[in-house]
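The values are calculated or read from the model by the stated rules, or taken from the named source; none is laboratory data. Source: prediction; values computed, not measured. FYI the Cβ positions are ideal-geometry reconstructions off the backbone, even for glycines, and counts take in every protein chain you see. We work out accessible area using only protein heavy atoms, side chains counted, and drop any ligands, DNA or RNA first. Shrake-Rupley method; radii C 1.70, N 1.55, O 1.52, S 1.80 Å.
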Amino acid sequence: MGSVDFFFLFCSVCFCCLVSSNEHKLNFRKSKEACLSYVQDALLQKQWKRAAEFLTCYVESLEKDYSREHISPSEMIWRIGTEILWHHSQSSMKEFNCFIEQMKTLGVKRFLKVCLEHVFHLLCNGQIDEAYQNLSLAESWRFGEQTAIQDKEMKLIQAYRGLLDYYSWSKQKNILLEHGEDGFSDLAVEQEMHGYFRKAAVNLKEIIKIPGVWDIFVKSYVDLLEFYGDHNEAHQVLNEYAYNSKFPANPNAHVYLYQFLKRQGESKKSLISALKILHDIVPSHELMIDFNTMLQKSKKRKKRRLGLEVIFTALDYAGWKENAKAWSCLARQVKQIVISEKHLDWIKQEWSSRKDWWPAFHFSRYLAKRNWQENKSLSYEKALVAGLLLGKDCKYFKYVSHQGCKAQLKRFRMLKKFVNRHNLVYMRISGPPDSSVQP
Amino acid sequence: MDEEDTRDFNERCAQCSEVNWGLTDGGGFYCRSCHNVIERTREVVNTDFITNSRVQTISKGSKKQEKSEGGCEWYVCEGFQLVLKKQVEALEALGVHPQMKDEILCNFWRCYLQKSKQAYCKRPAAEAVKTLSVCESSTDVDSDPERPSVLHLLSLSESEGDLQTDCSSFASSVSKVSESTSVYSGSVDGSLYLMKNQKEKLRMTMPMTLSFCYMALLWMREPITLSEFLRFVVEGHIPYLNVFEHFPEKMKLCGLDLKIFCVESWPVYEEVFNKMHELAAYLDLPRFPDITESCFLHPDMLCMKYLMEANLPDELHNWTCRVVKKIGIGEVDFLTLMPGNKSTRKVKYDVLAAAVIIVVLKLLFLLDDRYEWLLSEFAEERNKNNTEGAHYFEFKRWYEVVKHSLDVKQKKLDEERAKYLWRCEKPLFYSVKKKSKVLKRRQMVVNLQNQFGKLSGSVQRAKKPNPSSFQLSWSEENADGSCFHGHSLKGVLQEKCGLLTAMNPDYWLCTVKLCNEKLCGHLAHYREVEFPQSYHFVLGLFSFLLRIQPSYIHDEVCMIEHKLFNKKLYKKLKYNTVLRK
């Protein structure tokens, strides 16, 4: 549950009018507009005292009818007041809670939303029990047709209560496991645990039916199902979450599915298919290493080809520049292709869009020096790739192999020999698609 | 039915010692046994408002219809009378002569009431005769057979949109009220007051109370200008915003009264000024007391004040006097108000004085964004080399000092505008139904103000600053030389034939042709980009001091220039026209 800077989300919606200094007329509305822009300025600069000062003057707006405005003063005051009280050094949780209770009475159309955000704040402050109480209270709220209108918020409230139930279940489970180790069996704890499970499962199951991003709910629910041995249901839930087109594209869904399948010891085939879409949406995901490793070892040509694509694409991203494992995957595959002398055109295809910028991006002299200083394994793998793709005369390979040989490291000597032996490969890789060039 | 009324009365009859009371036709008690009539009468309970669940007051024998909760009947003009009383008392506290309250304003008001047939006349139209005392009316309102519908009244938008939106939400709730009930207002004639056909009577409004006050101040020739007066109003020294707080408890304010007495915007100079003149004509007032050279409102005096406030050299005063004399705006007949005289231009004393100063600055410094800086450099050189003798006035240094102070003050003013509090403790509500909601809201507002007020740190709500005539003050005791009053103009003057004239030979007119003020509202149209920055700066300075739009000062400057260069304009000589950037 990340930080709750909701104010800044809708800050862009607020009107922001600067008072012209030549304007000598003033009425209530203009005065409050100006006041609001001062509050917003102070908030953006984190000047909580000043924001409080101007908010004090703004609250008068509550006594006015602003039903035609886009965002009403009561909503403004709720959001701004929350921010100020949350961050102000002199404000206590007690004051915060007192303020939120007042805000709940201000707008019945927002009641559940206010409750929910209050719960988030309580959770951020570690007050789990209070949060649970508030959720229960909110769940029992009824207000004519508003209850139906605010159905979505109600579902969320139930889901979060389910989540807290899961959290309690988890605590009980740990106690149980500890006691189990010590040889104690505790029936009461077990019963409680099952009770929490039932409560949690009901609510979590409901929310994940609705299209949305419910990572934490899904994870918790799957955890519960796995513990009680309902793997089929868990699998189905994860499949739905990952593949149902009604749900927004979510890399985590695929990650969860993959991790589940791995835990279940599923075949490589199904593991590979689970990661396919992840590669499409997040080519720089850390699981790409696992993906490439599995693909490289595959007997199917198409899969090996995909593996090469996967690893090249991952290394396009700056975050992977110093990832020795990734480079070793690429080095291994490139080396294997070069040795077998089959499928050099694969490398050619991958290299054609990269040969203009990878040299400066990965294989500059500066990087050669730095990699050598900081991480010899990294420099080894990279030098191998550079030597094969750019030839033995490229800056990177020259520097690293020279340093390596100077340091009398055996593998670097081997590296040098290997690259020298396959020196002409780079020409075939970089040249134009020419039928005279034999693959 | 007798039983009900006499049930509680258990005294024994003086004659026959029985407890058996009945009621006569006249409502008196009599003993059924011996027919002895005693003096006790039945207490009349007015059943008209028993439907209202609030506590009723029981009046003895009186059939007066009370509005609710012990309130009394009051008329709108009574309300305004109270407002004026409060305002003039505040003015007295500021030092105005008591004569204003006891004689001048009082008479103006009575005259107004008479002219508008609200009082002091034989048969006022559609409204009851009444005395000026509060809460003692004993006549009923004439029932107007054509009661206007609520919606019609509320659609007459005269006040700002804010009250309008409140009224529309109010309208929807009141329209459910039965037709027999009158349109809702705490005052007796609130609804009648808002009807359109009152226009020819010059209906009283809150801004007009200020016009009344200013008219009285002008009559008394008090040393206060309209801009200063309005500034005191905004600063809270004169009751205006929320003045109904001072109404006595019995005068209940609700419904349409809010539209009349609630103020939600600062008074506007032009509006108050124009209404004052309208009022003076409406009341058929004679020529006002003469504004002579010794008067505060005379341009010579006001120029002196503004020169001091703008931190300009005292020597400039000679020049302003010369200009004033040359174009005749110091004449008694020009300055004195003659109500109803449509041919003379109405004089805004403060704006006029400011404009004169600006014209003088233009005469001496040209203000074309070049010449004044050149002159300033010469003065600076000279000042560096000659440390003795009078310091020459340097435009550049003056600009820097004044701009700095002005920026600081403007920033402060902008914040005050944002922090301005419009509501007060006395809650306003349109109807009894809404009262509890309004009170709840008010309570919440007060709670929130307390909560966040504490978090504002050491910044407390500043007490109202004492009213002061000068917004900017400069002291010659400051060692940093930031006071320019004593500086000499020698650097910009030269002697010719024994007379001191400006070194600057040129002058640019703000406009070659004046517009027709009656048609487009202005003599000229001011746009910042078309004029030099220095000119814009001095306009801005006086705009701040007088709290009016620069365009109004610009109008006066144009007027003065056209008077000053009348002959030359007529001859269409070589002097250049408006400078274009």
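Could you tell me how many of the residues in the range B:287-309 are open to solvent by 30 Å² or more (accessible area, probe 1.4 Å) and of a type in the set (Ser, Thr, Tyr)?
2
Any idea which of (1) modelled with pLDDT of 90 or more; (2) open to solvent by 20 Å² or more (accessible area, probe 1.4 Å); (3) assigned to a helix (DSSP H, G or I) is the one B:Leu218 doesn't satisfy?
The number of the failed condition is (2).
Got at least one residue in the range B:265-282 being more than 17 Å from the chain's Cα centre (by Cα), surrounded by fewer than 21 Cβ atoms within 10 Å (Cβ to Cβ) and away from chain A (no Cβ under 14 Å)?
Residues of the range B:265-282 more than 17 Å from the chain's Cα centre (by Cα): B:281-282.
In the following step, the residues that additionally are surrounded by fewer than 21 Cβ atoms within 10 Å (Cβ to Cβ) were identified as B:281-282.
If we keep only those that are away from chain A (no Cβ under 14 Å) as well, we get B:281-282.
There is at least one residue in the range B:265-282 that is more than 17 Å from the chain's Cα centre (by Cα), surrounded by fewer than 21 Cβ atoms within 10 Å (Cβ to Cβ) and away from chain A (no Cβ under 14 Å).
I'd like to know if the range A:73-81 contains one or more residues that are closer than 26 Å to A:Tyr167 by Cα and away from chain B (no Cβ under 12 Å).
Looking through the range A:73-81, none of the residues is closer than 26 Å to A:Tyr167 by Cα and away from chain B (no Cβ under 12 Å).
How about the range B:308-339: which of its residues are under 26 Å from the mean Cα position of the chain (by Cα) and not in a loop (DSSP other than H, G, I, E, B)?
If the condition is that a residue be under 26 Å from the mean Cα position of the chain (by Cα) and not in a loop (DSSP other than H, G, I, E, B), then B:Glu309, B:Phe334, B:Leu335 are the ones that fit.
For B:Leu489, which of the numbered conditions (1) more than 14 Å from chain A (Cβ to nearest Cβ); (2) open to solvent by 40 Å² or more (accessible area, probe 1.4 Å); (3) of a type outside the set (Phe, Trp, Tyr); (4) under 30 Å from B:Leu316 (Cα atoms) fails to hold?
The single condition B:Leu489 does not satisfy is (2).
Would you mind telling me which numbered condition in (1) surrounded by fewer than 17 Cβ atoms within 10 Å (Cβ to Cβ); (2) at pLDDT 95 or above B:Ile358 fails?
Among (1) surrounded by fewer than 17 Cβ atoms within 10 Å (Cβ to Cβ); (2) at pLDDT 95 or above, B:Ile358 violates only (1).
Hey, among the residues in the range B:324-335 that are open to solvent by less than 10 Å² (accessible area, probe 1.4 Å) and out of contact with any Gly (no Cβ under 9 Å at 6 or more places or on another chain), which one's nearest to B:Asn566 (Cα to Cα)?
So the residue we want is B:Ile329.
Here's the yes/no breakdown for (1) assigned to a helix (DSSP H, G or I); (2) basic (Lys, Arg); (3) in contact (Cβ under 8 Å) with a residue 60 or more places away in the chain; (4) facing chain A (nearest Cβ under 10 Å):
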| position | (1), (2), (3), (4) |
| --- | --- |
| B:Trp398 | yes, no, yes, no |
| B:Lys440 | yes, yes, no, yes |
| B:Gln449 | yes, no, no, yes |
| B:Trp474 | no, no, yes, no |
| B:Gln494 | no, no, no, no |
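Can you run down the residue pairs with Cβ atoms below 9 Å, 6 or more apart or on separate chains, where the first is in the range B:211-232 and without any contact (Cβ under 8 Å) to a residue 60 or more places away in the chain and the partner is in a helix (DSSP H, G or I)?
If the second residue must be in a helix (DSSP H, G or I), the pairs left are B:Phe229/B:Leu91; B:Phe229/B:Leu210; B:Phe229/B:Cys213; B:Phe229/B:Tyr214; B:Phe229/B:Leu217; B:Phe229/B:Val272.
Looking for something more than 25 Å from the chain's Cα centre (by Cα) and open to solvent by 30 Å² or more (accessible area, probe 1.4 Å) - is there at least one such residue anywhere in the range A:308-326? Let's see the steps before the verdict.
Initial filter on the range A:308-326 (more than 25 Å from the chain's Cα centre (by Cα)): A:308.
Okay, now just the ones that are also open to solvent by 30 Å² or more (accessible area, probe 1.4 Å), so none.
So far as the range A:308-326 goes, no, none of its residues is more than 25 Å from the chain's Cα centre (by Cα) and open to solvent by 30 Å² or more (accessible area, probe 1.4 Å).
Would you check which residues across the range A:86-122 are more than 10 Å from every other protein chain (Cβ to nearest Cβ), surrounded by fewer than 14 Cβ atoms within 10 Å (Cβ to Cβ) and not in a helix (DSSP H, G or I) and list them?
A:Ser92
Could you check the range A:148-169 and list, in sequence order, the residues that are open to solvent by less than 30 Å² (accessible area, probe 1.4 Å), part of a helix (DSSP H, G or I) and over 18 Å from A:Leu122 (Cβ atoms)?
A:Met154, A:Trp169
Of the numbered conditions (1) open to solvent by 10 Å² or more (accessible area, probe 1.4 Å); (2) over 30 Å from A:Asp230 (Cα atoms); (3) in contact (Cβ under 8 Å) with a residue 24 or more places away in the chain, A:Lys302 satisfies every one except a single condition; which is it?
Condition (3) is where A:Lys302 drops out.
Go through (1) within 14 Å of chain A (Cβ to nearest Cβ); (2) open to solvent by less than 10 Å² (accessible area, probe 1.4 Å); (3) in contact (Cβ under 8 Å) with a residue 24 or more places away in the chain one by one and return the number of the condition B:Ile560 breaks.
For B:Ile560, the failing item is (1).
Quick grid of which residues meet (1) within 14 Å of another protein chain (Cβ to nearest Cβ); (2) on the phi < 0 side of the Ramachandran plot; (3) open to solvent by 10 Å² or more (accessible area, probe 1.4 Å):
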position	(1), (2), (3)
B:Asp350	yes, yes, no
B:Phe365	no, yes, no
B:Phe378	no, yes, yes
B:Glu381	no, yes, yes
B:Lys384	no, yes, yes
B:Leu413	yes, yes, yes
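Does B:Gly540 qualify as being of a type outside the set (Asp, Glu), in contact with a Pro (Cβ under 8 Å, 6 or more places away or on another chain) and assigned by TED's automatic domain parsing to the domain that holds B:Tyr371?
Yes, satisfied.
Looking at B:Val446, B:Val401, B:Val438, can you tell me which residue is among the β-branched types (Val, Ile, Thr) and touching a helix residue (DSSP H, G or I) at 6+ places or on another chain (Cβ under 8 Å)?
B:Val438
Among the residues of the range A:65-74, is any open to solvent by 20 Å² or more (accessible area, probe 1.4 Å), at pLDDT 90 or above, among the polar types (S, T, N, Q) and more than 29 Å from the chain's Cα centre (by Cα)?
no
If you take the residues of the range A:366-378 that are part of a helix (DSSP H, G or I) and within 30 Å of the chain's Cα centre (by Cα), which of them is nearest to A:Leu409 (Cα to Cα)?
Step one: filter the range A:366-378 for residues part of a helix (DSSP H, G or I), giving A:366-374, A:376-378.
Next, only the ones that are within 30 Å of the chain's Cα centre (by Cα) stay: A:367, A:371, A:374, A:377-378.
Details: A:Leu367: 20, A:Asn371: 16, A:Glu374: 16, A:Ser377: 11, A:Leu378: 14 Å.
Result: A:Ser377.
For a quick check of your reading of the model, give me the residue pairs whose first member lies in the range B:419-430 and is at the interface with chain A (Cβ under 7 Å from one of its Cβ atoms) and assigned to a loop (DSSP other than H, G, I, E, B), whose second is hydroxyl-bearing (Ser, Thr, Tyr) and open to solvent by less than 30 Å² (accessible area, probe 1.4 Å), with beta-carbon atoms closer than 6 Å and at least 6 apart or on different chains.
B:Tyr420/A:Ser31
State whether one or more residues within the range A:330-342 are on the phi > 0 side of the Ramachandran plot, assigned to a loop (DSSP other than H, G, I, E, B) and not polar (S, T, N, Q).
yes
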